[in-house]
Amino acid sequence: MSKPDETGRGRSGVSRRAFLKGSGAAAAATAMTGAPGLEAEAQGAEPVAGLTTITLTVNGTPHKVEVEPRTTLLEALRMGLNLTGAKPISVDGASGGSLVLVDDKPTSANTVLAMDMVGKKIVTVESLISGDRVDAVPMAFVHHDASQCGFCTPGFIIAVKAFLAKNPKATEAEIRAGLNGNLCRCGTYANIIPAVLEVVKGGGNG
Ligand code: FES
């Protein structure tokens, strides 16, 4: 980087004062008009380059959402559809925080691209806690006080749903092994296991 001389000019020949004046004006102009792409979009001009509208079937309802090729399913759910249950805890899905069901399989939503989810059946935790009746799994979590900060809870609930769908009569040891892909920083495991056992025994019906 060039050093300014006493006049404030660097080797580029632009004085510091002129630079600050120019960049300030540019920032103010951007603040008033918004980003160039957004402004054009608002005026009904060309669509923003790189964005594609796709339809995702989430919780039984088709939704149109604009995505980039790099947009993950988690980003499309959280930012495009305002479904914020699945959490961005780990980038590689190691925490289980972003779990959703895709065609009934537990899937870390931050490890798959939204565009690849077209035509698939996506189920998020919101479907289990909205409507007239709360699902037995979240109810059992409530009964057993199985969350503290709650950040990991949506992922655990989806993991439990998927696990019990295949193992409805699971033992405690099987539950422990079946949920070992989910992490809880608050350490609520001691309450989660009894909650799942309650569902196995037919409890937790909300
Ligand atoms: S309840 Fe806080 S991370 Fe699990």
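The values are calculated or read from the model by the stated rules, or taken from the named source; none is laboratory data. For clarity, every value in this text was computed on a predicted model and none was experimentally measured. Neighbour counts run over all protein chains shown; Cβ positions are idealised from the backbone, glycine included. When the accessible area is computed, the model is the full protein with side chains, heavy atoms only, and any ligands, DNA or RNA have been set aside. Shrake-Rupley method; radii C 1.70, N 1.55, O 1.52, S 1.80 Å.
Pull up region 120-133, narrow it to residues that are open to solvent by less than 30 Å² (accessible area, probe 1.4 Å) and in a loop (DSSP other than H, G, I, E, B), then point me to the one that is nearest to the ligand (Cβ to nearest atom).
Checked region 120-133; the qualifying residue nearest to the ligand (Cβ to nearest atom) is Val125.
Scanning region 165-174 for residues that are touching a residue at least 24 places away in the same chain (Cβ under 8 Å) and open to solvent by 20 Å² or more (accessible area, probe 1.4 Å), which turns out farthest from the ligand (Cβ to nearest atom)?
Pass one, region 165-174, residues touching a residue at least 24 places away in the same chain (Cβ under 8 Å): 165, 168-170, 172.
Right, trim to open to solvent by 20 Å² or more (accessible area, probe 1.4 Å) and you get 165, 168-169, 172.
Numbers: Ala165: 22, Pro168: 25, Lys169: 26, Glu172: 19 Å.
Ranking the candidates gives Lys169 first.
Given the structure, is Ala136 open to solvent by 40 Å² or more (accessible area, probe 1.4 Å), at pLDDT 95 or above and away from the ligand (no atom under 16 Å from the Cβ)?
no
If we keep just the residues of region 189-206 that are open to solvent by less than 40 Å² (accessible area, probe 1.4 Å) and at pLDDT below 95, which is farthest from the ligand (Cβ to nearest atom)?
Gly203
Could you check region 160-176 and list, in sequence order, the residues that are more than 16 Å from Phe141 (Cα to Cα) and in a helix (DSSP H, G or I)?
Going through region 160-176, the residues more than 16 Å from Phe141 (Cα to Cα) turn out to be 165-171, 173-174.
Passing the criteria: Ala165, Lys166, Ala173, Glu174.
Which condition breaks for Asp145 when tested against (1) away from the ligand (no atom under 16 Å from the Cβ); (2) at pLDDT 95 or above; (3) of a type outside the set (Gly, Ala, Ser); (4) surrounded by fewer than 17 Cβ atoms within 10 Å (Cβ to Cβ)?
Going through the list (1) away from the ligand (no atom under 16 Å from the Cβ); (2) at pLDDT 95 or above; (3) of a type outside the set (Gly, Ala, Ser); (4) surrounded by fewer than 17 Cβ atoms within 10 Å (Cβ to Cβ), Asp145 breaks only (1).
What about Gly85, is it within 16 Å of the ligand (Cβ to nearest atom), assigned to a loop (DSSP other than H, G, I, E, B) and open to solvent by less than 20 Å² (accessible area, probe 1.4 Å)? If you could, list the steps in order and put the result at the bottom.
Numbers: within 16 Å of the ligand (Cβ to nearest atom): yes; assigned to a loop (DSSP other than H, G, I, E, B): yes; open to solvent by less than 20 Å² (accessible area, probe 1.4 Å): yes.
So Gly85 fits the description; yes.
Of the conditions (1) open to solvent by 70 Å² or more (accessible area, probe 1.4 Å); (2) modelled with pLDDT of 95 or more, Val160 satisfies every one except a single condition; which number is it?
Result: Val160 passes all but (1).
For Gly181, which of the numbered conditions (1) modelled with pLDDT of 95 or more; (2) under 26 Å from Asp103 (Cβ atoms); (3) within 15 Å of the ligand (Cβ to nearest atom) fails to hold?
(1)
Go through region 91-119 and report how many residues are assigned to a loop (DSSP other than H, G, I, E, B) and buried (at least 16 other Cβ atoms within 10 Å of the Cβ). Full working, then the answer.
Taking region 91-119 as the starting set, the residues that turn out to be assigned to a loop (DSSP other than H, G, I, E, B) are 91-98, 103-104, 112, 118-119.
Now narrow it down to the ones that are buried (at least 16 other Cβ atoms within 10 Å of the Cβ): 93, 95-98, 112.
Summing the residues that are assigned to a loop (DSSP other than H, G, I, E, B) and buried (at least 16 other Cβ atoms within 10 Å of the Cβ) in region 91-119 gives 6.
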